[in-house]
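Notes to accompany the following structure.
Every read-out reported here was derived from the displayed coordinates using simple, explicitly stated rules and does not represent laboratory data. Quick caveat, the model's predicted, so the values are computed rather than measured. Positions of Cβ are backbone-derived with ideal geometry, glycine not excepted, and every protein chain shown enters the neighbour counts.
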Amino acid sequence: MLVHDNKKSHILIATEIDKEFQRLKEALKPNRVVGFISEKFLLEDAKAVIAEAYISESQTKYIVMGAYEFHPVSQNSLLKVLEEPPPHIEFIIISPTKSILLPTVRSRLPIVQGETIRETIHLDLNLARVDYAQIFAFLKEHARVKKSEAKMILQALYFRATVVDMLILSSSQLDNFDKAYRLLELNARPQSVLAMIIMSFVRER
């Protein structure tokens, strides 16, 4: 975990966004905490954040942005205010993974690790020995996942493969993980993206 002053602006990587927002509100008392929490953080959300930031404050105010998806346009519109925040304003961004945040956003704020998918999703799969029956069952179980959930499952699969099963991923498998995130951003069918990742562990054996 990155060590820094948690009362300064930062990015918090956490799966349970609502839970983390409630925790922050308690931890930051008696300061004012204004939350913009949603499934998707869009341009109109960014405009509302900027408007709130420029409301004059005599004491520190925390503006918390939390979402499972941050639209690139909305992120770009925040760059100036993140770089030069108004007096007494601190920003906290809660995201399930840093990969959905633009490098320009990540470069402006320190990143802190909160509760992540490793603690909240358990995958009962040994990717070193996964077979077609297990793959079929896995895909059936996750047939209706949303894009944001699929991204978290990808994280869990990567953690399972590299840390739990201690596999050394091939270059093609690593490329597949990167490709999977891009496909989800392009609104590819989540089940198809997960199938691509799981199948790569069968083909590599």
- [ ] Tally the residues that are surrounded by 14 or more Cβ atoms within 10 Å (Cβ to Cβ) and within 24 Å of HIS71 (Cβ to Cβ), restricting the search to region 159-184.
- [x] 6
Task: Of all residues in region 20-36 being surrounded by 14 or more Cβ atoms within 10 Å (Cβ to Cβ) and of a type in the set (Lys, Arg), the one that is farthest from VAL112 (Cα to Cα) - done: ARG32
Task: Residue under evaluation PRO190, criteria (1) at positive phi; (2) buried (at least 19 other Cβ atoms within 10 Å of the Cβ), criterion not met - done: (1)
- [ ] Mind listing whichever residues of region 22-51 are of a type in the set (D, E, K, R), over 13 Å from VAL73 (Cβ atoms) and free of Cβ contacts under 8 Å to residues at least 40 places away in the same chain?
- [x] ARG23, LYS25, GLU26, LYS29, ARG32
Task: Qualifying positions in region 27-36 - aliphatic (A, V, I, L, M) and outside any helix (DSSP H, G or I) - done: LEU28, VAL33, VAL34
TODO: Need at least 3 residues that are in contact with a Cys (Cβ under 7 Å, 6 or more places away or on another chain) and buried (at least 16 other Cβ atoms within 10 Å of the Cβ) per element, so show me which helices (runs of 4 or more DSSP H) inside region 37-118 make the cut, counting only ones lying wholly within it.
DONE: none
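Only one residue in SER172, SER148 is more than 24 Å from GLN22 (Cα to Cα), touching an Asp or Glu at 6+ places or on another chain (Cβ under 9 Å) and assigned to a helix (DSSP H, G or I), so which one is that? Walk me through it before giving the result.
Values: SER148 fails: more than 24 Å from GLN22 (Cα to Cα).
Going through SER172, SER148 in turn, the sole match is SER172.
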